[in-house]
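Down below is the structure, laid out as structure tokens.
The values are calculated or read from the model by the stated rules, or taken from the named source; none is laboratory data. Everything numeric in this text was worked out from a predicted model, so none of it was measured. Every residue, glycine among them, receives a Cβ derived from its backbone with ideal geometry; neighbour counts consider all protein chains shown. What goes into the accessible areas is simple: the full protein's heavy atoms, side chains included, and nothing from ligands, DNA or RNA. Shrake-Rupley method; radii C 1.70, N 1.55, O 1.52, S 1.80 Å.
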Amino acid sequence: MSFEDGIRKVVPYVAGEQPADRNIIKLNTNENPYPPAPGVQTALRELADRSAELRLYPDMNAAPLTAALAKKYGLDPEQIYVGVGSDDVLSMCFLTFFNTGKPILFPDITYSFYDVWADLYRIPYIQVPLDENFDICADGYLRDNGGVIFPNPNAPTGVEADPQTVEKIIAGNPGSIVIVDEAYVDFGARSVLPLLDRYENLIVVQTFSKSRAMAGMRIGFAMASPGLIRALKDVKFSFNSYTMNLPSILCGAEAVKDDGYFREITAKIVSAREDFEEKLRGMGFVFRNSKSNFVFARHPDISGDELFEKLRGKNICVRHFGRPRIREYLRITIGTPAQMEAVTHALKEILEER
Ligand code: PMP
């Protein structure tokens, strides 16, 4: 027996690179190219005068933030749970809801944190293949299971599942919790939120990291029935009660209140995505239309590896996953129109140099 036998061994999630060089065009982690709502800056300035409040523990229920979210989404505050980014929220959901010992189900191509949490918490899982067009098929989820989770739009494909498929999966699993991870839903996809009233087994998770341009603040949230939110809080309060700090609570609330700014920046990103997709199509790239703030594309004449390296050589950082089925693809975050112009230009040069 060695002390090493007692160490929990896990293969950690590998996040996209955060290069120190600010000259790099950084389109690898789906951050928003615009600043957060102006009210966030004001809240941060005001916080400087309220620093004495930091001697107190923050509100365990993050009331100002929860109230702002409840108002925005037409829910009761008891239907909302906030956490330190949706990664924290999703991880707590795995711990709270996936405990039957039966395998949970998620797509074979999806957010690569799901299998990491499953391994961390010793939850068995089955990866249900997407079809050849990267669509989620409901039938694969209509089997005995210990829970279901999928992003919609899916990551890293950017493909939105059709609403009938999503509802079929939720309705077909009355004995399991179904989590729909809507990290990218605000960029033109349809949210499953209207179904919350009808399905007690549904949890919807969203984030401030993408559409609200606040990845650095770390805020995510879950929406579900009061009973499920209570269960989630019971586990969270048994783990670490005070994860949401005062600046996040106040800045998050300000961001939610400014719906006009939110609409403005998401519309700019959707429009830049549509322009970029047209350029990619013109250059011969193959991809499904995205409903997220990134495009997932391959080129028939050049490998994903080579394209990734060549872009890196031109100071453009995108994401490449060296995994089965997707190794020829690059995931390119939608930035400002100027950044997308630069990527388009670089891709043209790379293709012409061959
Ligand atoms: N879900 C999906 C599908 C994601 O791509 C991400 C971003 N990496 C997250 C959740 C987590 O984002 P955050 O923790 O920043 O809210």
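Taking only complete DSSP H runs, can you tell me which helices of the chain stretch 30 Å or more along their own long axis by Cα positions and average at least -1.0 on the Kyte-Doolittle scale?
The qualifying helices are 259-282.
Using the Cβ atoms and a cut-off under 12 Å, what net charge is assigned to the surroundings of S225, where Lys and Arg are +1 and Asp and Glu are -1?
For residues surrounding S225, the net value is -2.
Assuming a viscosity of 0.890 mPa s and a temperature of 25 °C, what translational diffusion coefficient in µm² per second does Stokes-Einstein assign to the range 208-280, Rh being the Kirkwood radius over Cα pairs?
Value of D from the Cα-based Kirkwood radius: 166 µm²/s.
Would you kindly calculate the translational diffusion coefficient of the range 1-69, applying Stokes-Einstein with the Kirkwood radius from alpha carbon pairs, for 37 °C and a viscosity of 0.692 mPa s, and quote it in µm² s⁻¹ without decimals?
187 µm²/s
Take the Cα gyration tensor of the range 123-280, multiply each eigenvalue by 5, square-root it, and list the three semi-axes largest first, rounded to whole angstrom.
After diagonalising the Cα gyration tensor, the semi-axes are 26, 25, 13 Å.
Determine Rg/Rh for the range 244-300; Rg is computed over alpha-carbon atoms and Rh is the Kirkwood hydrodynamic estimate from the same atoms.
1.22
Limiting things to C-alpha atoms, what are the Rg and the maximum Cα-Cα separation (Dmax) for the range 189-247, in angstroms?
Rg and Dmax of the range 189-247, Cα atoms, are 13.4, 35 Å.
Highest mean first, what order results for 44-56, 209-221 on Cβ atoms within 10 Å?
Ranked from most to least packed, the peptides come out as 209-221, 44-56.
Each label point is 7 Å from the Cα along the Cα-to-Cβ direction; what then is the distance between the points at E341 and E4, in nm?
With each label point 7 Å from Cα toward Cβ, the separation is 5.6 nm.
Whenever you get a sec, compute what percent of the accessible area on the range 243-292 sits on carbon and sulfur atoms (1.4 Å probe).
Heavy-atom surface of the range 243-292 belonging to carbon and sulfur, 1.4 Å probe: 48 percent.
Restricting to DSSP H runs of at least four residues, report the calculated mean residue ellipticity at 222 nm for the chain, -39500 (n - 2.57) per run over all residues, nearest 500 deg cm²/dmol.
-11000 deg cm²/dmol
With every protein chain kept in place and ligands, DNA and RNA left out, what is the accessible area per residue of the chain? Probe 1.4 Å, answer in Å².
Spelled out: the 1.4 Å probe surface of the chain, per residue, equals 46 Å².
Spin-label point model (7 Å from Cα, Cβ direction): what's the Q127 to L351 distance in nm?
A separation of 3.0 nm, rounded to one decimal place.
Could you tell me which of the pairs K26/K210; K233/K268; K168/K257 are separated by over 26 angstrom between their Cα atoms in the structure shown?
Too far apart for the 26 Å limit: K233/K268; K168/K257.
Largest first and in whole Å, what are the equivalent-ellipsoid semi-axes of the range 38-145 based on the Cα gyration tensor, each being the root of 5 times an eigenvalue?
37, 17, 14
Two-decimal Rg/Rh of the range 263-354 from alpha-carbon positions, Kirkwood Rh?
Using Cα coordinates only, the ratio equals 0.94.
What is the pair-distance distribution P(r) of the chain, computed from all Cα-Cα distances in 20 Å bins starting at 0, with each bin given as a whole percent?
29, 57, 14, 0
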